[in-house]
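Participant: Quick one: the structure is below, questions incoming.
The values are calculated or read from the model by the stated rules, or taken from the named source; none is laboratory data. Just so it is clear, the model here is predicted, and its values are computed rather than measured. Counting neighbours? That spans all protein chains shown, and the Cβs are built from the backbone with ideal geometry, glycine included.
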Amino acid sequence: MMAIRELKVCLLGDTGVGKSSIVCRFVQDHFDHNISPTIGASFMTKTVPCGNELHKFLIWDTAGQERFHSLAPMYYRGSAAAVIVYDITKQDSFHTLKKWVKELKEHGPENIVMAIAGNKCDLSDIREVPLKDAKEYAESIGAVVVETSAKNAINVEELFQGISRQIPPLDPHENGNNGTIKLKPTSQAGRRCC
Amino acid sequence: MGSLLSSEVGWSWAFWAYSLRRHPAPMAAIRSNLAWFSGPESGTLAMCSPEEAALLRLEEVFSATLSRINSFVLQPLLEAEPSDPWGRECLQLLQQLHRSSQQLWEVTEESLHSLQERLRHPDSISLESLLLLHSADRVLQVHLEYIESYTSCVAVQAFQKAVKRRSEYWQGQRKALQQFLSGMSSEGSVGTALVQALRQPLTHHVQQCVLLLLSLRDTVGESHPTRELLVHTVTIFGNLQSFMRQELDQAMATQALWHTLSSRQRDVLCTPAHRLLQDSQDIPVTVTPLRAERVLLFDDALVLLQGHSVHTFDLKLVWVEPGQDRCMFHLLTPEEEFSLCSKDPQGQVAWQWKVTQAVCQTLRRKKDFPVLGAGLEPSEPPTCRCGAYTFRAEGRFSQATYEGEWYGGRPHGKGTLKWPDGRNHVGDFCQGLEHGFGIRLVPQASEDKFDCYKCHWREGSMCGYGICEYSTSEVYKGYFQEGLRHGFGVLESTPQTPQPCRYTGHWERGQRSGYGVQDDGDRGERYIGMWQADQRHGPGVVVTQAGVCYQGTFQADKMVGPGILLCEDDSLYEGTFTRDLTFVGKGKVTFPNGFTLEGSFGSGAGRGLHTQGVLDTAALPPDPGSTRKRQLGLGVFPVESRWQGVYGPFQDFVQAGCPGDLQEALLGFHVQSSRELRKSQEYLCCERTHPEDHAGRMEDILEELLQHRAPEALQQCLRKALSNSLHPLGKLLRTLMLTFQATYSGIGANKHLQGLAQEEVKQHAQELWAAYRGLLQVALQCKGQAPEEDQDAEARDLQVHRLMLPLVLPSFYSELFTLYLLLHEREDSLYSQGIANLSLFPDTKLLEFLDVQKHLWPLKDLMLTTNQPPGDRLPHFTRYSLVRDACFLSATECLQKMIQLPRCSTTVDPREKLEVLERTYGEIEATVSRMLGQEHKLPMDDLLPLLIYVVSRAQIQHLGAEIHLIRDMMAPIHTGGLYDFLLTALESCYEHIQKEDMRLHRLPSRWNSREPW
């Protein structure tokens, strides 16, 4: 039986880098069997198969404005993964990303999977952050990295596939070590409320 | 028998001749009557039969005989003046005989008169006017009374004794008596002569009556109107004859018995009422296992004689049971069980029949008529009887008198047991023991005070739920086992006592043991923790009136080793301290600002607290909540077992298949008001509301559950059950509320107990759900249906949180929310300042201040939409905006419903609150979409500032307490999901509003500062 595993994913990154656009693209591109409730573009879910499991991503958007920064821990507590988004056309946003990574390492959940998304790769003409920089940085912190274009639907799937691959397989003895992982038979998924 | 009768006839004729000689006047009257009768020329006389005339003569003679007996025999007998009590009793019997004789004479005279009238006017007075016919029953009654008085005198030899007392007089009368008592031998004693003189006229008279009435019956035609009456009278007189014969025989046998007994035995047994029915000397029987040389069956008692001892068994409380073989049968009595064995089956039949009939007759409280066991139903004595008995054997019941229902030799049913020392018990009995509901009063040293136990009993000791009011004015309400407090119970002293005290918790064999909460009114302290052998023992938490609380380990009522102490100023002390909260020994103080002081502490008289230690001011300020929000008791009192004594009896009840007879033992008994509790025992016992009357029988309760299994109906059904204190679920909830209040109200309203409280509420919901499931399974089983599958943990969690928790939360809400208020007091006050400050901002200023992007401002939109047609919801929106400068009003109003839910103002369902929150987001998005003219999905960058705006405008008080309570009560399945997100977003707004710039910023010209990271 295919088991559904719920994974809380939080979106971090400067305002205007297209955090929610990536997710909107991800969520809308494929037909989802479960009619998932959403809150605008702020809370979205999507289920994708991964090996012999189904991964249900519960994606939490955060406000990117700096003055809401201190509220972020409330959002990322209990996350299995964090998608940190920067704008390849804005060096500042890559700088902010580094600060998020640092914070997650210090205060984030243990074993959180980090994925770096360089958005707006369709605008590589006015690129400010070289892909190489991002790749090197990602490697140094052991994160997934892709350049995406929410607009042209480039690499959005791959980003989440990358996360799925990084999620450690379920250890039956240590069920739910980061608080959000749950196992349930697929047959029951239909009558759940979210 | 035949010879006896004939001799009596001979005697009576002699007497008759004698009486005629002495009374010439009536003789003349008879003659004249006979003359009328014999005259064939008289047409009227032809209507009277010769039998009627003969009856008249018979009555005349009997009446005369009675008056002669009166003056010759009874009057002289009464003249004796006895000096001893026994003589006095005999005299009373003779007086009674005199009265009966008088009545007999009177009724005879009446009969005579009616016959005379009839003979005089046979044409106008019908046959049925004869007293013998129309009042045969009355005539019978008078005869029976005479027979009873007479046989009583015979049975105790009253005549012989009276004669002995005046022997000289009676010797003088001997000649006179002999003169008219034919057939009396000269050797016979005067006493015997008197016995005969008082019996023979009656037997003769009855015999003659029967004969005359029989022939009268034969004379009248089959269709004669009085034939039926005649037949009735004939039957009655016939029966009277048989009865008389039996009674006289029994009396003679009884009289004869006394001579064969020792004087001691005679003194015990010889009473006028006793009649010997059977004697083991006539039909031999032996007794096992008791020892008896002789067995006597009287009409009201069975007597075993052994040596000089006399063992009497009241027949009212004797049960006859067949034996294993045909020669024996068993007898059950309250304290003895024994068998009677005869030599042969005939003997067994005779004895068993006699005993059975005698028991029946005794229970009917009336002599069988005409003879013992004659055709009366039922011929078997009932197994259930009422009776009184005083126990003699050693044991609990020694000297106690039981009055009430019996079954097979044992108290069984309702009854009252009274001991000579004043103890008494009213209630249900089973198999000889207190079983079921019962009330016992136990008098205490001081005269008018007593302990009162209103409990369930099981096999003679208290078991199940009960209320005990002690003479010390303490009251215990809870469970018992084997007569001791056991399981959950509350012991409370009245507030008036000098040292008010209340214990709510577990008991073991009469002692506080396990988890329990005790209030010490004197010290203003509450102990929450483990007990053993009536002492505080194990981990415990103490909260005080002053707000200080500590946790430690107790041994033999004293705290041992180091503990944690939380002061009112949120400083924390870890170390050893005394009960008076003086720091002694090694310890560490953590101040709210993060400073620590570590060292050894001590105190001395007049020196105050002194310490040698290190003050560390370098430590970083800790997380502000670390000492302020420190929770006590977590982990040391596992929530699953904390109130096991409350859950346990219900689990056992369900396990046992919900037997109806244990319902009251589980739920306790119910009275309409507490006033009824003070009423008399008997009243309470009978008038208490039986659970079956009120909440319905257990079967109905189970049926109800079966009927309502669909989600909607189930919720209604559970709501109803939980609100009914007579329903097992309702009672369980009430008991849990009691424990919750005992722990967390009053002194217990301490923020450091919030953690304990919230996990307890969730556990209670879970246990109530389990209790429901248990009842449901029993209900299914009763119907022969397959039980429901066991739920997996997740399905159960979902039902608990979705269904049960919202139903039970209101019962705990007041105490629980208070704890949340206290815990989040500081944050809530900052937040209050925040919203108070923001309320000063006009809408546009606030939108600007919160950095809401201009294109999302609904104000723009307002101006555009003022001309929209009515019917749309916007004009309504606009109108408000115009008068009150308010935008996002729909969202704001929606959010406010979180604390004022429209449907029911008291609802505290966290799920409904989350739904309100969801609608609020919807309203925000709808407002924005409307304004932009297209559906707009808000990313968090845009949503959060708007949400902060709405939250600040909604001005919900104590939002922090609300949010945390909702989160704690939220189903774990929602973690990470939509509701979690909604709540987190709301919480982040709440946090944001507490920030300094929100609280203190005064109407800025423009927000432009980007504060550095």
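Participant: Which of the residues that make up region B:388-407 are at pLDDT below 90 and within 24 Å of the chain's Cα centre (by Cα)?
Facilitator: Scanning region B:388-407 gives a single hit, B:ARG396.
Participant: Scan region B:455-471 for residues that are of a type in the set (Phe, Trp, Tyr) and either surrounded by fewer than 17 Cβ atoms within 10 Å (Cβ to Cβ) or part of a loop (DSSP other than H, G, I, E, B) (or both) and report the count.
Facilitator: 1
Participant: Do we find a residue being among the hydroxyl-bearing types (Ser, Thr, Tyr), at the interface with another protein chain (Cβ under 10 Å from one of its Cβ atoms) and in contact with an Asp or Glu (Cβ under 6 Å, 6 or more places away or on another chain) anywhere in region A:68-91?
Facilitator: no
Participant: Considering only region B:910-952, state which residues are among the charged types (D, E, K, R), over 18 Å from B:GLN853 (Cβ atoms) and within 9 Å of chain A (Cβ to nearest Cβ).
Facilitator: Within region B:910-952, B:GLU918 is the sole residue that qualifies.
Participant: Okay, next question. Applying the selection to region A:37-67, what residues are within 9 Å of chain B (Cβ to nearest Cβ) and outside any strand (DSSP E or B)?
Facilitator: Once the filter is applied, which keeps residues that are within 9 Å of chain B (Cβ to nearest Cβ) and outside any strand (DSSP E or B), region A:37-67 yields A:PRO37, A:THR38, A:GLY40, A:ALA41, A:SER42, A:ASP61, A:THR62, A:ALA63, A:GLY64, A:GLN65, A:GLU66, A:ARG67.
Participant: Hey, can you tell me all the residues within region B:60-73 that are without any contact (Cβ under 8 Å) to a residue 40 or more places away in the chain and in contact with a helix residue (DSSP H, G or I) (Cβ under 7 Å, 6 or more places away or on another chain)?
Facilitator: B:SER67, B:ASN70
Participant: Confirm whether B:ARG919 is under 30 Å from B:GLN799 (Cα atoms), surrounded by fewer than 21 Cβ atoms within 10 Å (Cβ to Cβ), under 45 Å from the mean Cα position of the chain (by Cα) and not hydrophobic (A, V, I, L, M, F, W, C).
Facilitator: no
Participant: Separate question: Exactly one of (1) closer than 30 Å to B:HIS232 by Cα; (2) loosely packed, with under 15 Cβ neighbours inside 10 Å is unmet by B:GLY172. Its number?
Facilitator: With (1) closer than 30 Å to B:HIS232 by Cα; (2) loosely packed, with under 15 Cβ neighbours inside 10 Å applied to B:GLY172, the lone miss is (1).
Participant: Those residues that are over 18 Å from A:GLY78 (Cβ atoms) and either surrounded by 19 or more Cβ atoms within 10 Å (Cβ to Cβ) or modelled with pLDDT of 60 or more (or both), I need them from region A:165-186; list them, please.
Facilitator: Correct list: A:ARG165, A:PRO169.
Participant: Turning to a different aspect of this structure: Only one of these conditions is not met by B:ALA292: (1) crowded, with 20+ Cβ neighbours inside 10 Å; (2) in contact with an Asp or Glu (Cβ under 6 Å, 6 or more places away or on another chain). Which number is it?
Facilitator: In the conditions (1) crowded, with 20+ Cβ neighbours inside 10 Å; (2) in contact with an Asp or Glu (Cβ under 6 Å, 6 or more places away or on another chain), B:ALA292 misses (2) alone.
Participant: Is it the case that region B:373-385 has a residue that's surrounded by 17 or more Cβ atoms within 10 Å (Cβ to Cβ) and either within 26 Å of B:LEU331 (Cβ to Cβ) or modelled with pLDDT under 85 (or both)?
Facilitator: yes
One line per residue, one yes/no per condition, for (1) of a type outside the set (D, E, K, R); (2) within 14 Å of chain B (Cβ to nearest Cβ); (3) surrounded by 15 or more Cβ atoms within 10 Å (Cβ to Cβ); (4) over 15 Å from the mean Cα position of the chain (by Cα):
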{"position": "A:PHE94", "(1), (2), (3), (4)": "yes, no, yes, yes"}
{"position": "A:LEU104", "(1), (2), (3), (4)": "yes, no, yes, no"}
{"position": "A:HIS107", "(1), (2), (3), (4)": "yes, yes, no, yes"}
{"position": "A:ASN111", "(1), (2), (3), (4)": "yes, no, no, no"}
{"position": "A:ARG127", "(1), (2), (3), (4)": "no, no, yes, yes"}
{"position": "A:GLU136", "(1), (2), (3), (4)": "no, no, no, yes"}
{"position": "A:VAL146", "(1), (2), (3), (4)": "yes, no, yes, no"}
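Participant: Then there is this: Picking from A:ALA189, A:ALA153, which residue would you name as being modelled with pLDDT under 90 and closer than 23 Å to B:GLY976 by Cβ?
Facilitator: Within the list A:ALA189, A:ALA153, the selection yields A:ALA189.
Participant: So, in region B:932-988, exactly how many residues are among the charged types (D, E, K, R), closer than 18 Å to B:LYS897 by Cα and crowded, with 22+ Cβ neighbours inside 10 Å?
Facilitator: Qualifying residue count, region B:932-988: 2.
Participant: Next up: Which residue pairs have Cβ atoms under 7 Å apart, sit 6 or more places apart or on different chains, and have a first residue in region B:986-997 that is facing another protein chain (nearest Cβ under 8 Å) and a second that is assigned to a helix (DSSP H, G or I) and among the hydroxyl-bearing types (Ser, Thr, Tyr)?
Facilitator: none
Participant: With (1) within 20 Å of B:PRO945 (Cα to Cα); (2) facing chain B (nearest Cβ under 10 Å); (3) at pLDDT 90 or above as the list, and A:LEU12 as the residue in question, which single condition is left unmet?
Facilitator: Here A:LEU12 meets the rest and fails (2).
Participant: Still on this model: Can you name every residue in region B:328-337 that is surrounded by 19 or more Cβ atoms within 10 Å (Cβ to Cβ) and over 32 Å from the mean Cα position of the chain (by Cα)?
Facilitator: B:MET328, B:PHE329, B:LEU331
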